[in-house]
1. Of all residues in the stretch 75-94, which are of a type in the set (A, V, I, L, M), out of contact with any Lys or Arg (no Cβ under 7 Å at 6 or more places or on another chain) and surrounded by 14 or more Cβ atoms within 10 Å (Cβ to Cβ)?
2. Specify the residue that is farthest from Pro22 (Cα to Cα); the eligible residues are those in the stretch 58-74 that are loosely packed, with under 12 Cβ neighbours inside 10 Å and of a type outside the set (D, E, K, R).
3. Out of (1) under 16 Å from Lys27 (Cα atoms); (2) out of contact with any Pro (no Cβ under 9 Å at 6 or more places or on another chain); (3) part of a helix (DSSP H, G or I), the odd one out for Arg60 is which?
4. Out of curiosity, is Glu7 loosely packed, with under 12 Cβ neighbours inside 10 Å, among the acidic types (Asp, Glu), in a helix (DSSP H, G or I) and modelled with pLDDT under 95?
5. Report, by residue number, each residue of the stretch 95-105 that is under 21 Å from Phe32 (Cβ atoms) and loosely packed, with under 11 Cβ neighbours inside 10 Å.
6. Among all residue pairs at least 6 apart or on different chains, which show Cβ distances below 9 Å where the first residue, located in the stretch 73-93, is closer than 14 Å to Leu52 by Cα and in contact (Cβ under 8 Å) with a residue 40 or more places away in the chain and the second is in a loop (DSSP other than H, G, I, E, B) and not polar (S, T, N, Q)?
7. Find the residue count for the stretch 46-60, including only residues that are free of Cβ contacts under 8 Å to residues at least 24 places away in the same chain and either closer than 14 Å to Val33 by Cβ or touching an Asp or Glu at 6+ places or on another chain (Cβ under 7 Å) (or both).
8. If I go through the stretch 63-105 residue by residue, how many of them are at positive phi and under 15 Å from the mean Cα position of the chain (by Cα)?
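The values are calculated or read from the model by the stated rules, or taken from the named source; none is laboratory data. Predicted model only: the values in this text are computed from it and were never measured. Here the Cβ positions follow ideal geometry from the backbone for every residue, glycine too, while neighbour counts run over all protein chains shown.
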Amino acid sequence: AITDAQESTGATAVGGWTDLTPHNAEKVAIAFVRRCSSLLVVLPGHPEKGPLYIARGLVRVMETFPWSPQSDAPVHAYVALVHLSAALAQRVLPYHVPGLESNDV
């Protein structure tokens with residue numbers, strides 16, 4: 001949804017991301033992947049498609065992101081997924097949200 005402030009300034013619904021330089025867009029993308037990976041540790045999996053359903057969607061987003069060919073940014077993003085995989089492979093997850101059934105319940 002676009003707020004009144006965004007309509008008056010012409011900013012996009014994604015907070016002006018279209019105005020980012022490629023380098024800054026990659027930095028934002030890495031931060032997004034890291035935050036999503038942290039959230040996916042505690043987020044319950046899809047009841048029918050399994051705990052990695054949303055993580056696979058995140059991988060698809062990363063595969064379609066326009067990374068610069070000379071950039072090491074994709075490596076940083078994929079390392080976040082390695083951390084996610086390592087966390088999900090544990091019998092007891094490294095952290096929980098009280099009242100939320102995570103993937104280790």
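1. First, the residues of the stretch 75-94 that are of a type in the set (A, V, I, L, M): 75, 77, 79-82, 84, 86-89, 92-93.
Checking the rest, the ones that are also out of contact with any Lys or Arg (no Cβ under 7 Å at 6 or more places or on another chain) come to 75, 77, 79, 81-82, 84, 86-89, 92-93.
Passing the criteria: Ala77, Val79, Leu81, Leu84, Ala87, Leu88, Leu93.
2. Of all residues in the stretch 58-74, those loosely packed, with under 12 Cβ neighbours inside 10 Å come to 60, 63-64, 66, 69-70, 72.
If we keep only those that are of a type outside the set (D, E, K, R) too, we end up with 64, 66, 69-70.
Numbers: Thr64: 14, Pro66: 8, Pro69: 11, Gln70: 12 Å.
Checking each candidate, the answer is Thr64.
3. Failed condition: (1).
4. Working: loosely packed, with under 12 Cβ neighbours inside 10 Å: yes; among the acidic types (Asp, Glu): yes; in a helix (DSSP H, G or I): yes; modelled with pLDDT under 95: yes.
In short, yes.
5. Tyr95
6. Ala87/Leu93; Ala87/Pro94; Ala87/Tyr95; Leu88/Pro51; Leu88/Leu52; Leu88/Asp104
7. In the first step, residues of the stretch 46-60 are kept if they are free of Cβ contacts under 8 Å to residues at least 24 places away in the same chain; the result is 46-50, 53-54, 56-57, 59-60.
Checking the rest, the ones that are also either closer than 14 Å to Val33 by Cβ or touching an Asp or Glu at 6+ places or on another chain (Cβ under 7 Å) (or both) come to 54, 56-57, 59-60.
The number of residues fulfilling the criteria is 5.
8. First pass over the stretch 63-105, keeping only residues at positive phi: 99.
Right, trim to under 15 Å from the mean Cα position of the chain (by Cα) and you get none.
Going through the stretch 63-105 one residue at a time, the tally reaches 0.
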